[in-house]
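S.K.: Here you go, one structure.
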Amino acid sequence: MNVDDADEAAWGLDPDDESQAGVEAVGRQLKVWREAAGLRPAEFGAQMGYGENLIYKIERGARIPRPEFLDKADEVLGAGGKIAAMKEDVEQARYPKKVRDLTRWEAEAVELGAYGSHNLHGLLQTGEYTRALFEMRRPAYSQDKAERLVAARMARQTIFDRSPAPALMFVQEEVTLRRPIGGRMVLRRQLEHLLEVGQLRNVEIQVMPTDREDHAGMGGRIQLLKFGDGSVVGHSQGQFGSRAVSDPKEIRILELRYGIIRAQALTPRESLAFIEKLRGET
């Protein structure tokens, strides 16, 4: 196999990403090992099974090498594991910066509260549901970018493995549980996943029925992350320009709104019964 398309072996880096320096350092190390082995870029690419153009892009830091590329390079160049070890240096760079920021906050939060009005919260999604969401995006994402985004979203779900476990609270609009993203079977498995997650002692899932006359969440998605030092980061789709906020006055507004949303929704016990009912209908 000879692949000239960089998307087949590497990820592009977001412009102005602070991870650029690390990716460039990995590229320089690859070039040093290649030259020490007495291989031209074309010769190295031929042994790797990739095009010469891709080798140039990776070595100058214009592309993030995939883990399998680094494993193969380690073998071809006889690096004894030293090149393969650089996978850790580029692991986070392959995710968009805003996803890395969110992942970092979620990894440190002791409490997370979220309201979702359009689709299921990313932490609650199955891999096939997430993939269906990204693949239906218009204008369409490239297959490479879609896979990167799926991987980034799934990586965030390590929050469920943390110890001590953070308190996780989700309010989901009824429509997000009914829309058959990816097809009926994908939806059914997604509902089954929600039932499993909803049984965790540190997780509460609530459903906001469509027939509610009073609804404090009409402004759109909300997320609040609270940390051990008492600080809070919030985000609202319809307020504060969709930017992350930490100012106490702005946080109070989001906390008030989120509290009312939770009070207006079904209780966690009622919500799990509702999800069970939907699963039976799907």
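S.K.: Pick from Arg148, Arg188: which is more than 18 Å from Glu255 (Cα to Cα), among the basic types (Lys, Arg), in contact with a strand residue (DSSP E or B) (Cβ under 9 Å, 6 or more places away or on another chain) and in the same structural domain as Glu106 (by TED's automatic domain parsing)? Reasoning before the result, please.
M.R.: Numbers: Arg188 fails: in contact with a strand residue (DSSP E or B) (Cβ under 9 Å, 6 or more places away or on another chain).
Going through Arg148, Arg188 in turn, the sole match is Arg148.
S.K.: I need the full set of residues from region 33-73 which are out of contact with any helix residue (DSSP H, G or I) (no Cβ under 7 Å at 6 or more places or on another chain) and more than 17 Å from Lys87 (Cα to Cα), in order please. If you could, list the steps in order and put the result at the bottom.
M.R.: First, the residues of region 33-73 that are out of contact with any helix residue (DSSP H, G or I) (no Cβ under 7 Å at 6 or more places or on another chain): 35-36, 38-40, 43, 46, 49-50, 53, 62, 66, 68-69.
Across region 33-73, the qualifying residues are Glu35, Ala36, Gly38, Leu39, Arg40, Glu43, Ala46, Gly49, Tyr50, Asn53.
S.K.: Give the residue that is nearest to Met169 (Cα to Cα), with candidates limited to residues of region 216-260 that are basic (Lys, Arg) and in contact with a His (Cβ under 8 Å, 6 or more places away or on another chain). Write out each step before concluding.
M.R.: Kept after step one, since they are basic (Lys, Arg), are these residues of region 216-260: 221, 226, 243, 249, 252, 257.
Restricting the remaining residues to those that are in contact with a His (Cβ under 8 Å, 6 or more places away or on another chain) gives 221, 243.
On the way: Arg221: 14, Arg243: 21 Å.
For region 216-260, the residue satisfying everything is Arg221.
S.K.: When both residues are 6+ apart or on different chains and their Cβ atoms are under 7 Å apart, which pairs have a first residue that lies in region 257-273 and is at negative phi, and a second that is part of a helix (DSSP H, G or I) and of a type in the set (Phe, Trp, Tyr)?
M.R.: Close Cβ pairs satisfying both conditions: Leu266/Phe274.
S.K.: Condition first: more than 19 Å from the chain's Cα centre (by Cα) and within 18 Å of Tyr258 (Cα to Cα). Can you find one or more residues in region 177-190 that meet it?
M.R.: Within region 177-190, not a single residue is more than 19 Å from the chain's Cα centre (by Cα) and within 18 Å of Tyr258 (Cα to Cα).
S.K.: Moving on. Helices (runs of 4 or more DSSP H) wholly in region 29-139 with at least 1 residues that are of a type in the set (Asp, Glu) and buried (at least 21 other Cβ atoms within 10 Å of the Cβ) - which ones?
M.R.: On the way: elements: 41-48, 52-59, 67-77, 87-91, 97-108, 127-135.
Those helices (runs of 4 or more DSSP H) span 52-59.
S.K.: Name the one entry in Arg104, Arg94 that is farther than 15 Å from His235 by Cβ and modelled with pLDDT under 90. Let's see the steps before the verdict.
M.R.: On the way: Arg104 fails: farther than 15 Å from His235 by Cβ.
Arg94 is the lone residue from the list that is farther than 15 Å from His235 by Cβ and modelled with pLDDT under 90.
S.K.: Name the single residue that is farthest from the chain's Cα centre (by Cα) among those in region 107-155 being modelled with pLDDT of 90 or more and among the basic types (Lys, Arg).
M.R.: Among those residues, the one meeting the criterion is Arg138.
S.K.: When Asn202 is evaluated against the numbered criteria (1) out of contact with any Ser or Thr (no Cβ under 8 Å at 6 or more places or on another chain); (2) touching a residue at least 60 places away in the same chain (Cβ under 8 Å); (3) under 27 Å from Leu278 (Cβ atoms), which criterion, by number, is the only one it fails?
M.R.: Unmet for Asn202, out of (1) out of contact with any Ser or Thr (no Cβ under 8 Å at 6 or more places or on another chain); (2) touching a residue at least 60 places away in the same chain (Cβ under 8 Å); (3) under 27 Å from Leu278 (Cβ atoms): (2).
S.K.: Given the structure, is Ser236 under 24 Å from Pro180 (Cα atoms) and either at pLDDT 95 or above or not aromatic (Phe, Trp, Tyr) (or both)? Write out each step before concluding.
M.R.: Values: under 24 Å from Pro180 (Cα atoms): no; either at pLDDT 95 or above or not aromatic (Phe, Trp, Tyr) (or both): yes.
Spelling it out, it is not the case that Ser236 is under 24 Å from Pro180 (Cα atoms) and either at pLDDT 95 or above or not aromatic (Phe, Trp, Tyr) (or both).
S.K.: What strands (runs of 3 or more DSSP E), lying completely within region 165-250, carry at least 1 residues that are surrounded by fewer than 18 Cβ atoms within 10 Å (Cβ to Cβ)? Quick ask: steps written out before the conclusion?
M.R.: On the way: elements: 167-173, 203-208, 222-227, 232-236.
Per the criteria, 167-173, 222-227.
The values are calculated or read from the model by the stated rules, or taken from the named source; none is laboratory data. This one's a predicted model, so the numbers in the text were calculated from it and none came from an experiment. No Cβ is skipped: glycine too gets one built from the backbone with ideal geometry, and neighbour counts run over all protein chains shown.
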